[in-house]
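The values are calculated or read from the model by the stated rules, or taken from the named source; none is laboratory data. The shown structure was predicted, so the numbers you read here are calculated from the model rather than taken from an experiment. Cβ: placed from backbone, ideal geometry, glycine included. Neighbour counts: every protein chain shown. The area values use the complete protein model at the heavy-atom level, side chains included, leaving out ligands, DNA and RNA. Shrake-Rupley method; radii C 1.70, N 1.55, O 1.52, S 1.80 Å.
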Amino acid sequence: MHGDRADVLVVGAGPVGLTAAAELRRRGVSCRLVDKLPARQPYAKAVGVQPRTLELWDRSGMVQDALDAAVLMRGQLVYANGAEQARFDMALPPEVPYRFAALPQYETERILEAFLGRFGTSIERSTELTGFTQDADGVTSVLVGADGTEEEVRTRFLVGCDGAHSAVRKGLGLTFEGGAFPEEYMLADVEVDWSLPPGYGVRSMHYDAEGKVDDALVCIPLPGTGRYRVSMMVPPELSAAGGAAADGVAHGLEGGRAPALSHIQAVLDRLSPEPVTASAMRWSSVFRISHRIVDRYGKGRVFVAGDAAHIHPPTGAQGMNTGVQDAWNLAWKLALAARGSAHPGLTASYDAERRPVGEEVVGRTVRHATEGGVQADPEDPRTLMLREAQLLVGYPDSPVVLRNGTAAGAAAGTAGGPRPGDRAPDCGGLLGDIPAHPLRLYDLLRDREHVLLVYTDGARASYVPELAALTGGLPAGRLTAYAVLTEGGTAPAGAAPPVYRDGRGEFARLYGVGEPTAFVVRPDGYVGARLCPPTAEGVAAYLAGVFRD
């Protein structure tokens, strides 16, 4: 879309910017994506892909490409002063459709870039944002190409996904409060020949006489036999004396001398649980870690996401995944706004929903980095794994979920199951008349926007067509309705909308329903409203907070 007028300009083509652009284009919104780098970087920086991110990629229709390229993360082996301390298996409840995965960032970017290309959009590389102004109607940005040519671009919105040193964040004048860790680290992508079980991360620490960590090794498995992304403390001869960048933010890969394979081998000789030889190093770098978060995720028509909004230690692989989910949350809202279909307050809900998530992730990862990893949390193992998988992220206080009961029937339903603002869980065993095999609920949600799910029995399904009729008052494709009948229920002849039976009772169990109940599931897979009993007025009350009249 080079040279065309676009609705949205996205700056930064890492996983977060690619996600924002792809989700906008998937919804038919014109978009330009620019990046100042001339090519994709061959670095395995962010490698952990959380189950929640895979659920979103399922929703987009691109998850299979990621599954084909990734490797299962089974758990973590923890060592202290050469002795095994713990073995954590990263187990999740059976209804969670995806497990933890490891995928090098360059592969994640390749997959997202190919997905974006399906919609006719490519990255405009060697293109830098040098300034922007906004007014009530749009944003005027100045882009400079590789040859120094300036271009003035007018868009309705601007999204900064341009990393820890974000030009968009600086241009908005947002604060970026926090601090830096004094330690420096080195990263490398290598093969090792140890006999440790595949699929397990390795965390090996050395404690001094006072019980403080004075040496550390963390290895995350990557696709390929014996391949790991390893991180460790940097030796003095590689220390990046320059410290923070010109903007004072000491975060990310540093310039200067890159570690050699001998530097990596020296740490492995000290801390590996067994004798091991490193080989086939693809890349290495020195890096620094900071923890910072912006005071707000946007102003007016300009927004920030990912590292432009929050940076923190990589413990638990939370950073990239949090950024991808930022982009998802923002993109479906911007898509409605770009088409003139959004309630005036919808885009402002991005900050209200995602900034508390960023604050929690920054605080948690800093705690983990200083107290010995994710296992330092006092939560029970099940809750800990669900939190690390980002399956407990929710928006119960969001201004655009229907929280309060009303005479129109907007009260939350029976105890248990997701509440408004919670993630909509998957479930299996849905039986239709035409499919020859049971479906998952996520099969019905895939590539849909808002979805209305009405749970009832055949005898009390008379109001379902009335609820489904609400879809006619919205732009095409904005709301899809399904009826889910109780186990053994029978749909009336000629029933509309499409009907599925809860063949194994999983929907009733996981959604905590016994009486007729309606759920509105948002495009990002969160419950926007839970209505018991279901009423057209309740559904309309939720939709009125999202869509323009």
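What to note about this one:
- Karplus-based coupling profile of region 350-357, in residue order and whole Hz: 4, 5, 4, 8, 8, 5, x, 5, with θ = phi - 60° in 6.51 cos²θ - 1.76 cosθ + 1.60 and x standing for Gly or Pro.
- Relative packing of 272-285, 297-310, which averages over residues the other C-beta atoms within 10 Å, highest first: 297-310, 272-285
- Counting protein heavy atoms only, the chain has 52 percent of its accessible area on carbon and sulfur, 1.4 angstrom probe.
- Amide H contacts under 5 Å for residue 395, placed H, 5+ residues apart: 422
- Each peptide in 196-203, 288-295 receives the mean, over its residues, of other Cβ atoms within 10 Å, and ordering these scores from highest gives 288-295, 196-203.
- Counting heavy atoms of the protein chains alone, residue 401 has an accessible area of about 10 Å² for a 1.4 Å probe.
- One equal scatterer on each Cα of region 76-149, no solvent, Debye formula: the resulting log10 I(q)/I(0) at q = 0.13, 0.15, 0.20 Å⁻¹ is -0.77, -0.84, -1.07.
- Residue 225 paired with residue 469, simple spin-label distance in nm, labels 7 Å along Cα-to-beta-carbon: 6.6
- Radius 12 Å from Cβ of residue 478, net charge of other residues (Lys, Arg +1; Asp, Glu -1): +4
- Net lengthening on full extension, residue 269/residue 419 (0.36 nm per residue, minus Cα-Cα): 48.9 nm
- Summing charges over all other residues whose Cβ lies under 15 Å from the Cβ of residue 107, with Lys and Arg as +1 and Asp and Glu as -1, gives +1.
- Positive-end extreme of charge dipole, the chain - chosen from 277, 469, 324 (charges on Cβ): 469
- In order along region 513-522, phi translates into HN-Hα couplings of 10, x, 10, x, 8, 10, 10, 9, 9, 6 Hz, rounded to whole numbers, per the Karplus curve 6.51 cos²θ - 1.76 cosθ + 1.60 with θ = phi - 60° and x for Gly and Pro.
- Against the main long axis of the alpha-carbon atoms of the chain, helix 261-271 sits at an angle near 80°.
- Rolling a 1.4 Å probe over the protein heavy atoms gives the chain an accessible area of 38 Å² per residue.
- Selected from 383, 350, 267, residue furthest toward positive end of dipole (region 263-402; charges at beta carbon): 350
- With a 1.4 Å probe rolled over the protein heavy atoms of all chains, the accessible area of 220, 264 falls in the order 220, 264, largest first.
- The chain: Cα Rg divided by the 2.2 N^0.38 Å rule of thumb: 1.01
- Percent RCO, i.e. relative contact order, over the chain, from Cα pairs under 8 Å lying at least 6 residues apart: 15
- Principal-axis tilt of helix 105-117 within the chain, Cα atoms, nearest 10 degrees: 40
- DSSP-defined antiparallel bridges as percent of all bridges, the chain, nearest 5: 70
- Averaged over residues, the count of other Cβ atoms within 10 Å places the peptides 532-540, 156-164, 323-331 in the sequence 323-331, 156-164, 532-540, highest first.
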